[in-house]
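Here is the structure we will look at, set down as structure tokens.
The values are calculated or read from the model by the stated rules, or taken from the named source; none is laboratory data. The structure displayed is predicted, hence computed values, not measured ones. Note: ideal-geometry Cβ built from the backbone for every residue, glycine included; neighbour counts use all protein chains shown. Remember, those area values only see protein heavy atoms, side chains included, never the ligands or the DNA or RNA. Shrake-Rupley method; radii C 1.70, N 1.55, O 1.52, S 1.80 Å.
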Amino acid sequence: LQLAESGGGLVHPGDALRLSCTGSRFTIRSYNIGWFRQVPEKEREPVACEGVGTIEYSESVKGRFTFSKDRAKNTVYLQMNDLDTEDTASYFCRPLAVPSGTSCLVGTPLGDWGQGTPVTVSS
């Protein structure tokens, strides 16, 4: 279940970035995918995910981040607008196991974490 994250960088507050998550040797459309982020010495947290017929966001990014999936390109995106210094983190994507009737935000990430893509928001 290999996924590669890309698109991170150094931006100013208020700027936008689009992260990509591309599947390697497996088909993304067959899985619910989640985006996570982590800062040093803190727990990795979910920020956006695909459930059964829904897209869900953490409260901290709702209204600013948009999850999308391009099945033809086997890629999932995270459009991040109006970035804040609090969004500084490494961002990861993983396929999820989401039990029926539960939020994908509490889904279980499958497989091993990749290297992620770093996002730094600084003035």
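Which is the longest stretch in the chain that no exposed loop site breaks, taking sites as GluC sites (Glu not before Pro) with a DSSP loop state and at most 13 other Cβ atoms within 10 Å? It would help to have the intermediate numbers written out before the result.
Details: sites that count: E41, E43, E59.
The longest uninterrupted stretch comes out as 60-123.
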Computed lengthening from S58 to S122, 0.36 nm per intervening residue step minus Cα-Cα distance | 20.9 nm
Say a paramagnetic label sat at a point 7 Å from the Cα of K73, along Cα to Cβ; which residues of region 1-44 have their backbone N under 13 Å from it?
-> 6-7, 18-23
Heavy-atom accessible area of S100 with all protein chains present, probe 1.4 Å, nearest 10 Å²?
-> 120
Residues of the chain: accessible area per residue at 1.4 Å, in Å²?
-> 53
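Counting only trypsin sites (Lys or Arg not before Pro) that sit in a DSSP loop (anything but H, G, I, E, B) with at most 13 other Cβ atoms within 10 Å, what is the longest stretch of the chain containing none of them?
74-123
Tell me the carbon and sulfur percent of the accessible area for the chain, rounded to whole percent, probe radius 1.4 Å. The partial results should precede the final answer.
On the way: 3090 of 6580 Å².
Solvent-exposed carbon and sulfur of the chain make up 47 percent of the total.
What relative contact order, as a whole-number percentage, does region 1-98 give when Cα pairs under 8 Å and 6 or more residues apart are counted? Each step should come with its number before you reach the end.
Working: 195 pairs, mean separation 35.8, N = 98.
This gives 37 percent for region 1-98.
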Projecting the Cα atoms of S58, P99, T117 onto the charge dipole of the chain, where Lys and Arg contribute +1 and Asp and Glu -1 at Cβ, the residue farthest towards the positive end is P99
